[in-house]
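Just so it is clear, none of the values below were taken in a lab; they were calculated from the coordinates. No experiment lies behind these values; they were computed from the predicted model shown. Here Cβ is always computed from backbone atoms with ideal geometry, including for glycine, and neighbour counts include all displayed protein chains.
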Amino acid sequence: MSSLPFPLSAVVQPFSDVVHALIAGVARLDKSFNPLVTLQRLRAHRFTLWDTIYIFHIANATMWLTLMTDPGYPTKLAIPVLYTIALLIPFTSQFFVPATPVFSWILSWYSSRFMPSEWRPSISVSLLPTLESVLYGANISDILTRFTHPILDLLAWFPYGVVHFTCPFVVAAFLWLFRTKSTLHLWARTFGYMNLVGVFIQLVLPCSAPWYELIYGLTPANYAMKGSPGGLARIDTLFHSNTYTTGFTNSPLVFGAFPSLHAGNATLEALFLSHFFPQVTKFIWAYAAVLYWATMYLTHHYLIDVVGGACLATAFFYFFLPDELRGPAALAPPPNLHLGGPGARNKYDLYDLEDPARGGMMLSAREFDTVSEPSSDDEEVDITYRSPVPGTTSFPSTIQAPPPGKKATTGNASRGKGHRHTASIASLIRGEERGPEDGWSPVAGSFPFTSTATGRARVD
């Protein structure tokens, strides 16, 4: 791959890495379809206090399935039946068990439309705009919507209406391909519970979005009102469709403005990718920043909704992030993934250094070797008896100093090349900080040697 030109290798190499990671990921999958294997694992499982969370999921699913009227009974019984089958088969359970919080959130979000009116609290239409003005001195979302343009509409639509729905799957795929299994489970757990709590907050504290204020002002709202696509209606007009108009009009949570789960999901994705893939940090946070703006530009959220969603995501990320994934282990690849060899990235890409072949000022490995190592024509210097004091050279009494132009040799003289840049450790330590009790001899113009005749030190 190194023989390819830089622009081509920059495309081919990542593709090669993804293919290798995909092959390794498929090899790691449990391909068994025998439910007895799952039952044996369940019997061998050591239950902990955390496992009681599944009691909550069962109770939550039971409540929403009971309230669900579309699909009605007995068709809706297919949901728990199929899910139970997916949990029993090892091949599918490896996906469905970690994703239980995600499915619990989806079920809660969809079935919230069937809640009886007497269970629902009153809708606040003035709380968010009032807090917006008090906290920030102005209605920021209103200011951002005063000027619209088709280019701005497209710029806001792509992250809000497209990437928002696909990015969670992209994050999960990259964690599965290039990081350990525990990171993928962490993503599913954090993503699912954050959105589930967000839906519960929206149900307990229903608030109207900016589009409601533009259409109805501050008149009281009721649950019979339909949702609105807000600024996304301009996208439907641009593409001659009614995708967003239909979707938002029939939204289960019409008055779920606070917190913004669009902002929450973008923040969580940015936190995960910047933590487990630091090389994409600036790109994913740029996406999050554009989405923050898009939520207000499209009149779907106030600024306080965006802040609330970002804070919720940050709290869940650091609450669920285990200590063992806070250090270098966060970058550890799966055990069977090895991207080394001929197809691996070069050392400059691996350590995020500037490659001189791409116009950088760093020395290449060959250039560094040329500078660091003496050539065959250079005079080799034996450092065995090199003096730590520049300009002086001393030898033991049993070794005669070589004549000028020749090297000192001993019976154990090195046969390889010397290294011009090797320095004596003794010369790097200040004389006043070492002494005989530390195993050092006083360093002066030469090394001291003990005379066998007088027993006193002398200097040659």
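Numbers for the structure displayed
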quantity: Rg(Cα)/(2.2 N^0.38 Å) for segment 1-152, N = residue count; calculated: 1.67
quantity: Estimated distance in nm for a label pair at PHE15 and VAL204, the labels positioned 7 Å out from Cα along Cα-to-Cβ; calculated: 5.1
quantity: Fully extended contour minus Cα-Cα distance, from LEU36 to SER126, at 0.36 nm per residue; calculated: 26.7 nm
quantity: Cα-projected label distance for MET115 with ALA224, points at 7 Å along beta-carbon direction, nm; calculated: 2.0
quantity: Overall form of segment 175-317 per C-alpha gyration tensor (a/c, 1.5; a/b vs b/c); calculated: prolate
quantity: Euclidean distance of C-alpha centroids, segment 40-101 and segment 167-201, integer Å; calculated: 18
quantity: Sorted by Cβ neighbour density within 10 Å, fewest at the top, the residues LEU22, LEU175; calculated: LEU22, LEU175
quantity: Extension gain (nm, one decimal) between ILE143 and LEU77, 0.36 nm per residue minus Cα-Cα; calculated: 18.9 nm
quantity: Cβ-derived FRET efficiency at R0 41 Å, ALA59 paired with ALA27, nearest 0.05; calculated: 0.60
quantity: Anisotropy class of segment 31-97 from Cα gyration tensor, a/c 1.5 cut; calculated: oblate
quantity: ASN242-THR66 FRET efficiency (beta carbon distance; Förster radius 25 Å; 0.05 resolution); calculated: 0.15
quantity: Chain lengthening between LEU154 and TYR136 when straightened (0.36 nm per residue, less Cα-Cα); calculated: 3.7 nm
quantity: In range of the label at HIS45: residues from segment 175-218 whose backbone nitrogen is under 13 Å from the point 7 Å along Cα→Cβ; calculated: none
quantity: Mean-position separation - Cα centroids, segment 228-250 and segment 256-314, in angstrom; calculated: 22
quantity: Likely footprinting exposure, LEU128, LEU29, fewest C-beta neighbours within 10 Å first; calculated: LEU29, LEU128
quantity: Cβ-based exposure ranking for PHE276, PHE56, PHE103, in which fewest neighbours within 10 Å come first; calculated: PHE56, PHE103, PHE276
